[in-house]
Amino acid sequence: MNINLINPSPSVALADHARRLKASGIPIIELQTGDPDFHTPTVIVNAANSALREGKTHYIESGGLPQLRQCLAESLNREFGTSLQSENILVTHGATQGLAAIISALVELDDEVIVLEPNWITLDSLITLNGGRVVKVTHVSDDEQLLACLDSVKTSRTTMLCFNSPNNPTGSVFRAERVARLVDWAECHGLYIVSDEVYRAFTYDVPHASVMKHLPVNDRLLFVDSFSKRYAMTGWRVGFVVGHQDLISRVSKASQVMITNVAPFVQYGALAALQSQDVADVVQEMKREYKERRDTLSMVCNLEGLRAGCPEGAFYLFLNVGGDDTVFARQLLNDSQICVVPGSVYGPSGVGHLRLSFASSLRSVLKGLQKIGEMQRSRDRSKNYWDGT
């Protein structure tokens, strides 16, 4: 492991700067974080509180609370028609630690990992920290072209393919045919497949297509999910990894070294999230609210003359503002006290973009879009003047 290979993230630097401004008394509109502005449902909080009062504060099974793993297996079986057992599931300290355990268990020094971009940059850092090499392939709409790109970068050192749908930062959602073709391509080449599906509860125009459909016949496939987004439990840090029993056993070894176990009382909260109809209703209400925000914001983008695709899932707008997105984001923070993420941190195709989270309040995002529109128009007028147009 060589931490010197990890470049400081511009998005983290901006977020830290925003916190310093906020601490000095300057109000900041924070649109950089994918943290739902909903409170964790009361049923979940009460379950965790009860577990604390009952003394469930000691070491437990490293793979996760047996009741939670079994409940997850049953829930996924109902959803996807699979026949999972608790041995197919590892409970992790959020999806991030789940990914870290996967990379540590399966990626060796100088192994190449293909990552479909734009993507969440932490994945790149995890691969690099483990001695692997990140190979980026840009999302394209044509499946044949995408497979051709994959063929062109695969080498004898390639060991894994990673992708994320619904996508952070674009909100795009893979269709079932694309998922099947990616799984088939990876299986043909003997690669591990890691599918990050933490936003799968929030799709708006098309159904979510999961790799879980392919799990019964693919023993090199890993599905990663989390309670964070679906249940507004970001600070609770509960995620899980699903795969073939032998593969989960390997990943579990790495997880044990990292965390020993996830805190038991938060796992009881997660168990309540799965078992409560009231919580399920809250999730559907969150989804309706996000869709309404998405629709409103897409209309406002058109009115403001901002270029943004209409996200099919997750809760982000990915604006094409052109130019140096990091400079634009810094100027937006310093001049208008609005914090967003520069798109270049997500990969080459994110250059010239800004990511805004509409998990923040609609009023906050509308103000952010208004300021971005004003800056964009001002910049365009300045460019036209100097160009003599």
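The values are calculated or read from the model by the stated rules, or taken from the named source; none is laboratory data. Keep in mind that this is a model prediction, so the values were computed, not measured. Cβ: placed from backbone, ideal geometry, glycine included. Neighbour counts: every protein chain shown.
Looking at segment 201-219, which of the residues that are farther than 22 Å from A359 by Cα and among the charged types (D, E, K, R) is surrounded by the fewest Cβ atoms within 10 Å (Cβ to Cβ)? Don't jump to the end; show me each part of the working.
Going residue by residue through segment 201-219, those that are farther than 22 Å from A359 by Cα are 209-219.
Keeping just the survivors that are among the charged types (D, E, K, R) gives 213, 219.
Values: K213: 16, D219: 13.
Selected residue: D219.
This table checks each residue for (1) closer than 30 Å to F358 by Cβ; (2) touching a strand residue (DSSP E or B) at 6+ places or on another chain (Cβ under 8 Å).
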| residue | (1), (2) |
| --- | --- |
| D111 | no, yes |
| L126 | yes, no |
| V135 | no, yes |
| L147 | no, no |
| S156 | no, no |
| H189 | no, yes |
| S195 | yes, yes |
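Which one is farthest from A209 (Cα to Cα) among residues in segment 297-339 that are hydrophobic (A, V, I, L, M, F, W, C) and in a strand (DSSP E or B)? Quick ask: steps written out before the conclusion?
Narrowing segment 297-339 to residues hydrophobic (A, V, I, L, M, F, W, C): 297, 299-301, 303, 306, 308, 310, 314-315, 317-319, 321, 327-329, 332-333, 338-339.
Now restrict to residues that are in a strand (DSSP E or B): 308, 317-319, 338-339.
Numbers: A308: 23, L317: 21, F318: 22, L319: 25, I338: 34, C339: 32 Å.
That would be I338.
Could you grab me the full set of residues in segment 207-217 that are in a loop (DSSP other than H, G, I, E, B) and either under 16 Å from the mean Cα position of the chain (by Cα) or within 18 Å of L116 (Cβ to Cβ) (or both)?
Within segment 207-217, the subset in a loop (DSSP other than H, G, I, E, B) is 207-210.
H208, A209, S210, listed by residue number.
Looking at this structure, is G243 within 16 Å of the chain's Cα centre (by Cα), farther than 20 Å from S357 by Cα and surrounded by 21 or more Cβ atoms within 10 Å (Cβ to Cβ)? Write out each step before concluding.
Working: within 16 Å of the chain's Cα centre (by Cα): no; farther than 20 Å from S357 by Cα: yes; surrounded by 21 or more Cβ atoms within 10 Å (Cβ to Cβ): yes.
When the stated conditions are applied, G243 does not pass them.
How many residues, within segment 228-243, are small (G, A, S) and assigned to a loop (DSSP other than H, G, I, E, B)?
Of the residues in segment 228-243, the ones small (G, A, S) are 228, 232, 235, 239, 243.
Of the ones still in play, those that are also assigned to a loop (DSSP other than H, G, I, E, B) are 228, 232.
Residues flagged as small (G, A, S) and assigned to a loop (DSSP other than H, G, I, E, B) within segment 228-243 amount to 2.
Look through R355, R307, R381 and report the one residue that is of a type in the set (K, R), touching a residue at least 12 places away in the same chain (Cβ under 8 Å) and surrounded by fewer than 23 Cβ atoms within 10 Å (Cβ to Cβ).
Working: R355 fails: surrounded by fewer than 23 Cβ atoms within 10 Å (Cβ to Cβ); R381 fails: touching a residue at least 12 places away in the same chain (Cβ under 8 Å).
Checking each option against the conditions leaves just R307.
Mind checking which residues of segment 175-212 are among the basic types (K, R) and within 21 Å of A314 (Cα to Cα)? Outline the logic, then answer.
So in segment 175-212, the residues among the basic types (K, R) come out as 175, 178, 181, 200.
If the condition is that a residue be among the basic types (K, R) and within 21 Å of A314 (Cα to Cα), then R175, R178, R200 are the ones that fit.
Checking V262 against (1) part of a helix (DSSP H, G or I); (2) assigned by TED's automatic domain parsing to the domain that holds L76; (3) surrounded by 17 or more Cβ atoms within 10 Å (Cβ to Cβ), only one condition comes out false. Which one?
(1)
Being part of a helix (DSSP H, G or I), of a type outside the set (D, E, K, R) and touching a residue at least 12 places away in the same chain (Cβ under 8 Å) is the filter here, so list the residues in segment 138-193 that pass it.
To start, the set of residues in segment 138-193 that are part of a helix (DSSP H, G or I) comprises 143-153, 176-188.
Narrowing the set further to residues that are of a type outside the set (D, E, K, R) leaves 145-150, 152-153, 176, 179-180, 182-183, 185-186, 188.
Once the filter is applied, which keeps residues that are part of a helix (DSSP H, G or I), of a type outside the set (D, E, K, R) and touching a residue at least 12 places away in the same chain (Cβ under 8 Å), segment 138-193 yields L146, L147, C149, L150, V153, A176, V179, A180, L182, V183, W185, A186.
In segment 340-374, how many residues are of a type in the set (S, T, Y) and outside any helix (DSSP H, G or I)?
Let us first name the residues in segment 340-374 that are of a type in the set (S, T, Y), namely 344, 346, 349, 357, 360-361, 364.
Restricting the remaining residues to those that are outside any helix (DSSP H, G or I) gives 357, 360-361.
Final tally of qualifying residues: 3.
Which residues, counting only those in segment 61-81, are crowded, with 16+ Cβ neighbours inside 10 Å and over 18 Å from V251 (Cβ atoms)?
The answer is Q70, C71, F80.
Identify, please: which residue in segment 28-67 is within 30 Å of G171 (Cα to Cα), polar (S, T, N, Q) and out of contact with any Phe, Trp or Tyr (no Cβ under 8 Å at 6 or more places or on another chain) and is, among those, modelled with the lowest pLDDT?
Taking segment 28-67 and keeping what is within 30 Å of G171 (Cα to Cα), we get 28-45.
Still in the list and also polar (S, T, N, Q): 32-33, 40, 42.
When the remaining residues are screened for being out of contact with any Phe, Trp or Tyr (no Cβ under 8 Å at 6 or more places or on another chain), the result is 32-33, 42.
Details: Q32: 87, T33: 84, T42: 97.
My answer is T33.
Residue-by-condition table, conditions (1) over 30 Å from L354 (Cβ atoms); (2) free of Cβ contacts under 8 Å to residues at least 12 places away in the same chain:
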| residue | (1), (2) |
| --- | --- |
| R69 | yes, no |
| R78 | yes, yes |
| S83 | yes, no |
| L90 | yes, no |
| A95 | no, no |
| A100 | no, no |
| S104 | yes, no |
| W120 | no, no |
